[in-house]
Amino acid sequence: MERIGAGLAGAMLLLGGMSVSGCISVNAPDEPIVIELNINISQEVVYRLAADAGNTIEDNPDIF
Amino acid sequence: MNRTVKTVSRLIIGAAAAGLMLAVPASAQRDPAYDAARAAGQIGEQIDGYLGFVGSPDAALRALVEDINIKRRAAYAEKAKAANATLKDYAFTSGCLLIARTKPGEMYQGPDGSTWLKRDSGPPQRHPSCP
């Protein structure tokens, strides 16, 4: 029983310490934040698809 | 006798080939109204791989472009599936290429996805993810 009490006290001390040191400071960047349209695509994917997409365009001149 | 058979089979093959050539759709060309709207800058290539209106289109142009966009979407969907990619990624990649292929005087969407730019003699401004 005493052991459990000591354990709890230790945990509370630890939590208390975390809440004191848990501050995160955020500094605004100097450059303006530019939001590029909601395009989340890796260059790797684009390069992989480029040749295929080029063929699709060539094969369908009526819609491209 | 053998010769006759050969000649006949050649004739059949020739006729079949001619039939195939006739079967190629004659509509594999741009609609002149589509070409004219592009050249006039009424429509432009968007970065998402579809056509957009630069101003307010009349009903006929709206219908024409919507029809093309539906067909583009179908083509993208089919090819994306075959390439194991998403429709959006495939369409975006196509948009990169289509903007690169615009002719001077035609309109295209800038990398911000909202501004319309007119293609000049230099290379177009494209999204940083474009190949």
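Bear in mind that the values in this text are calculations on the coordinates, not laboratory data. Just so we're clear, the structure is a prediction, and the values are computed from it rather than from any experiment. Backbone-built Cβ (ideal geometry, glycine too); neighbour counts: all protein chains shown.
For the stretch B:28-118, build the charge dipole from Cβ charges (+1 Lys, Arg; -1 Asp, Glu) around the Cα centre, then report which of B:Gly105, B:Tyr90, B:Pro57 sits farthest towards its positive end.
B:Tyr90
Roughly how many nanometres apart are two label points built 7 Å out from the Cα toward the Cβ at B:Ala36 and A:Gln43?
4.3 nm
Straight-line reach from B:Lys118: which lysines have a Cα under 21 Å away, not including same-chain ones fewer than 8 places off?
Within the straight-line cut-off, B:Lys118 pairs with B:Lys103.
In debye, nearest 20: dipole of the stretch B:21-131 around its Cα centre with unit charges on the Cβ of K, R (+) and D, E (-)?
Taking the Cα centre of the stretch B:21-131 as origin, the dipole is about 240 debye.
Subtract the Cα-Cα distance of B:Gln125 and B:Arg73 from 0.36 nm times their separation in residues, and report this length gain in nm to one decimal.
Taking 0.36 nm per residue and subtracting the Cα distance, the gain is 16.3 nm.
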